[in-house]
Amino acid sequence: MAKVELKKLFKTYNKKIKALEDINLTIEDGQFFVLLGPSGAGKTTTLRCIAGLEKIDSGDVLFNDENITHDQPASRDVSFVFQQYSLYPHYTVYENLAFPLRSPMRKLPEEEIKNKVEKIAEMLKITSKLKNKATELSGGEMQRVAIGRALVREPNIYLMDEPLSSLDAKLRETLRVELKNIQLNLNATILYVTHDQAEATTLADKIGVLKEGKIVQIGTPEEIYENPNSIYVSQRLGSPKINILPGSLFKLNNTAKIGLRPENIELGNGPYEGKVISTENLGSETVVAINFQDNEILASIQGSYKSSINEKINFDINTNKVLKFDKGDQRIYER
Amino acid sequence: MDTSRSYLEPSSFSKKMAAAIIIVYAVITLIPISWMVMTSFKNVDSAISYPPEVLFEPSLEGYVNLFTNRSRQSQEYLDSLPAPENWYEELVRSREMVITGPSKFLGRYSNSMIIGFGSTFASVFLGALAAYAFSRFRVPLKDDLLFFILSTRMFPPIAVAVPIFIMYRKLGLGDTHLGMIILYTVVNLSLAVWLLKGFMDEIPKEYEEAAMIDGYSRLQAFFKVVLPQAMTGIAATAIFCMIFSWNEYAFAVLLTQFNAQTAPPFIPTIIGEGGLDWPAIGAGTTLFLLPVMIFTIILRKHLLRGITFGAVRK
């Protein structure tokens, strides 16, 4: 495993479309780093630049302080899990898993390959499928094999491009937990791309938030959630979504907009009065939408909450937790 | 109403109709071929008898005549010879002839094999590489180049027979196997590139990318991952190329005489005594038909198999 650094990475497609702009980022050895952002933000492009599948315009890619910017993909020794399964359909599961170990770069003896493949198959619970053709698998099994093909060797870094996005919710959760366990066991360096905030918060040691080809903030999941540096970042995490409201609403001076997490609103009594628009019972919490001076505010409270539509409701906000933003949507920090 | 089947599935009546049409079509196209096969098993007299014989006593005379040269001898000379050693000598003697040696057919037939398979392999191999490059790389003037390649098929190849004849004479390629392989490869290549490009486009590039990350060079990834998945396209292309170069007549007449002559210009020259030896010609043509038929049957399962269904979700 290696420490991976990106320095001043620039990448344009067809000489016009800016894909990456000045990406600087360090992934420590053994770190689970998640790149978070909507589609088109440059997450996949970053992965592909590290893997060597895309030529970068300028900048450097360093593995353990060694510059590998101009190396071929094969010699970089990284492994990649693609968003699509991309198993080799003419091979069996065993052959798919053995494929990287049989490559000219490694050429391990067949016996060692057998051991490694069987070990990884057991870890991913696909031992019974080893003799199957890759096309004779369910979606979840295919993705396990794809992850297995990456994990079967110990590369400098594991690159994963939304590996769980094509699976159904239940399987996604199971594999998410498994993936984290595997990473902890192997002490693996992983760069993981997703737009799913649950994946980002549960898996990441560090999150990098991408916006239009630029990294706007890097931090632990807690930092990103509690201490975002802009409205854009604050909206990446949290469900139900953060409330972005005009600063004047709560008489806050020098503040263009404020961000208010739904759990920082107390219902029942308080100085503010609004009307209930709707309530949504999610079991462990209830999301109440309130109309307050023609602004819709979402509040979430523990357990169930009974109220009828258009009912008047009083609430208070936790002023310590209010995030203040300036006109450019950037965070105002208080001294 | 019959609700047991989906609306998209044809009814059993239309299925039967389709089958009937196909059978009628097959019978019509098979009549000349079966007549040819029948002729090859007739003897010289029954082959040209009128009215034509549908039921006849089969004979291998056509095949014997195809593979041998014979000369007519007087009865006294034939009587002076020792008894025939095998069945085909006996057959020839009964026609008051002796075998003077093997005919040229086997040599011409193997020329056809060498040139046919050689040019098919070359067309498919070069075509696959070119198609892959056109499909994956940013080639300058890609569309113009592709159109240029296609345009080589817009005139009948024989239209350039004279320049090719002169070129081949200067280059010493006339009447050589290599010359014919090159010529048929050139003619087939445009078809191969176009057909295979379509198949290459269908193969997601993630496969090679995955292979390249797994430690293979692009060329190794091409052979290990792309080619096996292009098998359907390769089989179809190989069949088309094989049929063309196997059947090609005009260039073969023009450019080959002895050394590299293929079977098509040779078969019509099989002349018997007092007219064409129809059973021998029938035998030659029947044998000529076999390789392409076998080749197609072998590759048929690749033609029918789906490409990469299900392994990549788009």
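Whole-Hz Karplus ³J(HN,Hα) for the stretch A:310-319, in order, using 6.51 cos²θ - 1.76 cosθ + 1.60 and θ = phi - 60°, x for Gly and Pro?
6, 5, 6, 9, 9, 8, 10, 10, 7, 5
Can you give the helix-only mean residue ellipticity at 222 nm for chain B, where every DSSP H stretch with n ≥ 4 adds -39500 (n - 2.57) and the sum goes over all residues, rounded to the nearest 500 deg cm²/dmol?
Counting only the DSSP helices, I get -20500 deg cm²/dmol.
When the Karplus curve 6.51 cos²θ - 1.76 cosθ + 1.60 is applied with θ = phi - 60°, which whole-Hz ³J(HN,Hα) does each residue of the stretch A:226-234 get, with x for Gly and Pro?
With coefficients 6.51, -1.76 and 1.60, one gets 7, 9, x, 9, 7, 4, 4, 5, 4 Hz.
When a footprinting reagent is the concern and you count Cβ atoms within 10 Å, what order do A:158, A:88, A:13 take, fewest first?
With the fewest neighbours first, A:158, A:88, A:13 line up as A:13, A:88, A:158.
Taking the Cα centre of chain A as origin, sum charge times position over the Cβ atoms of Lys and Arg (+1) and Asp and Glu (-1), and report the length of that vector in debye to the nearest 20.
620
Dipole of the protein assembly as shown (Lys/Arg Cβ +1, Asp/Glu Cβ -1, origin at the Cα centre): which of A:166, B:34, B:77 lies farthest to the positive side?
About the Cα centre, the residue reaching furthest to the positive side is A:166.
Okay, helix-only estimate at 222 nm for chain A: each DSSP H run of n ≥ 4 adds -39500 (n - 2.57), divide by all residues, round to 500 deg cm²/dmol; what do you get?
-7000 deg cm²/dmol
How would you classify the stretch B:182-310 from its alpha-carbon gyration tensor, with a ≥ b ≥ c the square roots of the eigenvalues: rounded for a/c under 1.5, else prolate if a/b is greater than b/c, otherwise oblate?
prolate
If you take every DSSP beta bridge whose two residues both sit in the protein assembly as shown, what share of them, in percent to the nearest 5, is antiparallel?
Around 80 percent antiparallel, to the nearest 5.
Around residue B:42, which amide H atoms from residues at least 5 apart in sequence, or from another chain, sit under 5 Å from its own amide H, with H modelled in the peptide plane?
Amide H neighbours of residue B:42: B:59.
Just to be sure I understand: of the beta bridges DSSP finds with both ends in chain A, what percent are antiparallel, rounded to 5?
75
Scan around residue A:217 for amide H atoms under 5 Å from its own, H built in the peptide plane at 1.01 Å from N, and keep only partners 5 or more places away or cross-chain.
Long-range HN contacts for residue A:217: A:209.
Taking only C-alpha pairs under 8 Å that are 6+ residues apart, what is the relative contact order of chain B in percent?
Over chain B, the number comes to 26 percent.
What FRET efficiency comes out for the pair residue A:110/residue B:114, r = Cβ-Cβ distance, R0 = 30 Å, nearest 0.05?
The pair residue A:110/residue B:114 has a calculated efficiency of 0.20.
Using only Cα atoms and rounding to the nearest 10 degrees, what angle (0 to 90) does helix A:169-186 make with the longest principal axis of chain A?
Compared with the principal axis, the helix lies near 60 degrees.
Rounded to the nearest 10 degrees, what's the angle between the helix B:105-136 long axis and the longest principal axis of chain B, both from Cα atoms, 0 to 90?
10
Is there a pair in A:3/A:55; A:119/B:301; A:3/A:214; A:11/B:205; A:211/A:257 whose C-alpha atoms are over 26 Å apart, and which pairs would that be?
Beyond 26 Å between Cα atoms: A:119/B:301.
Just to confirm the number: angle between the C-alpha axis of helix B:278-304 and the first principal axis of chain B, 0 to 90 degrees, nearest 10?
20
Quick one: net charge around residue B:264, please, counting Lys, Arg +1 and Asp, Glu -1 for every other residue with C-beta under 14 Å from its C-beta.
+1
Cut-off is 10 Å between beta-carbons; in what order do B:212, A:105, B:154 appear when sorted fewest neighbours first?
B:154, A:105, B:212
Relative contact order of chain A: what whole-number percent is it, with Cα pairs under 8 angstrom and at least 6 residues apart?
17
Give me A:199, A:334 sorted ascending by neighbouring Cβ count inside 10 Å, so fewest comes first.
A:334, A:199
Once you order the gyration tensor axes a ≥ b ≥ c over the Cα atoms, which shape class does the protein assembly as shown get: rounded for a/c under 1.5, otherwise prolate or oblate by comparing a/b with b/c?
It is prolate, given that a/c is not under 1.5 and a/b is the larger ratio.
Counting only C-alpha contacts under 8 Å and six or more residues apart, can you give the relative contact order of the stretch A:243-325 as a whole percent?
Relative contact order, the stretch A:243-325: 37 percent.
Evaluate E = 1/(1 + (r/R0)^6) for residue B:150 and residue B:87, where r is the Cβ-Cβ distance and R0 equals 60 Å; express this FRET efficiency to the nearest 0.05.
Computed FRET efficiency for residue B:150 and residue B:87: 0.65.
Please work out whether the stretch B:59-148 counts as rounded, prolate or oblate from its C-alpha gyration tensor, where a ≥ b ≥ c are the square roots of the eigenvalues and a/c under 1.5 means rounded, while otherwise a/b larger than b/c means prolate and anything else oblate?
prolate
From the backbone phi of the stretch B:241-257, what are the Karplus-calculated ³J(HN,Hα) couplings (6.51 cos²θ - 1.76 cosθ + 1.60, θ = phi - 60°) in whole Hz, Gly and Pro given as x?
5, 5, 4, 5, 6, 5, 8, 4, 10, 4, 5, 4, 5, 6, 9, 10, 10
Taken together, the values in this text are just the output of simple stated rules run on the coordinates, not laboratory data. What you are looking at is a predicted structure, and each value in this text was computed from that prediction instead of being measured. Here Cβ is always computed from backbone atoms with ideal geometry, including for glycine, and neighbour counts include all displayed protein chains.
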